[in-house]
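No lab work stands behind these numbers, since they all come straight from the coordinates. All of these numbers come straight from a predicted model, not from anything done at the bench. Cβ atoms come from the backbone with ideal geometry, glycine included; neighbour counts cover every protein chain shown.
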Amino acid sequence: MRRAAREVAAGRRRLLVGAATLVARICLAAPPSPGLPRAGIFGVEATGTRFAYVFDRSASMDDPAGRPLAAAKRELLASIEALGDARQFHVIFYNERLSIFAPPGPPGRPIFASQENSRAVRRFVDAVQAHGGTRHYEAVAAALKLAPDAIFMLTDADVDDDLTEDELGRLLKSRRGTRCLVVQLGAGSGRRSPRLARLAAESGGEYRTIEAIGEP
């Protein structure tokens, strides 16, 4: 009787060991679980499922020879194209006023990076022209209201157009976890914006300067 019990117990142990070995083999063979999708512009990246692009279209973005705005448009469209149709995006171009991408359909609906919306945003971006001055605050505030995981901001504005201390404080209070990633073009000519850099740093984002850009 005792011998039979020992044999049953040994059999159970062999089954448990075999099952554990099989599970281990399956886990080793299975591909790793993918992380959150990434998006980015000009080398700055963030993870998430909803992204807002806030791009300067003031007059200086047309100088020299339209290159800054042309490069910005290429980078924006390439980033949206890489999102895949399960991710959401918003696009805001700004000078003193906002120009917000609103695809056909019911207002307020989520904007997914589908083929239809990608074609629509390409038409919208192609029509953007550079003119006017620069007001960062309203554009970033409008993007924050959309509650994206990350905001990609691009500007070539100089320090005189930087956020005020009060504007910076209000944006940081209203960000609700959104990371702000700022790319500043032509920063070598004195265009660094200290408060935009603080917005990026204090939101957990990144501030990057680019000295020059390629041909349009």
*asked:* Positive end of the dipole of segment 38-210, charges at C-beta (+1 Lys, Arg; -1 Asp, Glu), about the Cα centre: which of ALA71, GLY177, ALA86 has its Cα farthest in that direction?
replied: ALA86
_Given R₀ = 41 Å, what would the calculated FRET efficiency be for GLU116 paired with ARG192, taking r from the Cβ atoms and rounding to 0.05?_
0.55
*Taking every Cα atom in segment 38-210, find the radius of gyration and the maximum pairwise distance Dmax, and write them in Å.*
14.8, 44
*Kirkwood Rh, segment 114-203, all Cα pairs: how many Å?*
14.3
